[in-house]
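J.: Can you keep this structure in mind? I'll have questions shortly.
Please treat every number below as a calculation from the coordinates, not as lab data. The model shown is predicted, which means the values in this text are computed figures rather than measured ones. As a convention, Cβ positions derive from the backbone with ideal geometry for all residues, glycine included, and neighbour counts pool all protein chains shown.
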């Protein structure tokens with residue numbers, strides 16, 4: 001059985017420090033995954049359940065020249081794969097809408113891997129509901145879930161829809177300014193909205209602060 005835990009590491013101030021800590025912790029027996037963020041001073045591990053694990057990690061971190069502190073807030077952490085999160089706008093949207101929610105302690109984004117780590121006192125279904133309300137399709141990441149190419153394929157499909165939708169809507173807007181008959185513009189704009197779909201339109205509304213999650 002595997003579990004995930006998060007700790008605070010004091011003394012790190014650069015990427016080399018983070019690599020040094022990660023290398024030391026990775027050698028601890030039972031460790032399956034290590035993620036160190038020197039900016040936030042956080043260490044996240046996935047490992048086999050072992051009563052002596054925390055002590056072994058503390059020793060490894062101390063030998064590397066740093067100190068380890070367990071999370072004192074009673075908060076848990078969940079990681080989500082967000083296939084639609086492919087630019088800074090998506091990150092800013094999530095941060096704007098979620099970072100001040102009750103129960104949210106921190107949000108940590110990895111845009112390259114399209115991952116969001118949330119430290120919180122909520123439940124995973126509550127987080128999924130918030131993210132879904134923002135127009136995303138979150139996949140909770142743990143040691144039994146593997147994200148495959150299907151997620152990337154869905155991203156490409158969403159991107160294609162968004163491009164086609166945008167072209168139709170912009171063309172409709174252009175027609176509306178040059179034609180005396182409005183119906184061609186109306187048809188193009190409605191077609192663009194239909195192709196874009198509810199999730200894309202809803203996400204754009206969120207960016208404008210027009211609606212809230214159900």
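J.: Mind checking the log10 I(q)/I(0) for the range 2-70 at q = 0.17, 0.20 Å⁻¹? Debye, one equal scatterer per Cα, no solvent, two decimals.
T.: Computed log10 I(q)/I(0) values: -0.49, -0.68.
J.: Which whole-number percent gives the relative contact order of the range 1-141, counting Cα pairs below 8 Å spaced six or more residues apart?
T.: Relative contact order for the range 1-141 comes out at 23 percent.
J.: Highest mean first, what order results for 39-45, 120-126 on Cβ atoms within 10 Å?
T.: 39-45, 120-126
J.: Now for a separate question. Pop a pseudo-label 7 angstrom from the Cα along the beta-carbon direction at both residue 14 and residue 179 and give the gap in nm to one decimal.
T.: 6.3
J.: Wrap a convex hull around the Cα atoms of the range 76-141, take a quarter of its surface area, and give that in square nanometres.
T.: 3.7
J.: May I ask you to derive the relative contact order of the range 2-70, considering only C-alpha pairs under 8 Å and at least 6 residues apart, and to give it as an integer percent?
T.: 44
J.: Take each of the peptides 188-195, 93-100, average the number of other beta-carbon atoms within 10 Å over its residues, and list them starting from the highest.
T.: Going from most to least packed, we get 188-195, 93-100.
J.: A further question on this structure: Expressed as a whole number of Å, what is the distance separating the alpha-carbon centroids of the range 1-68 and the range 108-125?
T.: Taking the Cα centre of the range 1-68 as reference, the centre of the range 108-125 is 19 Å away.
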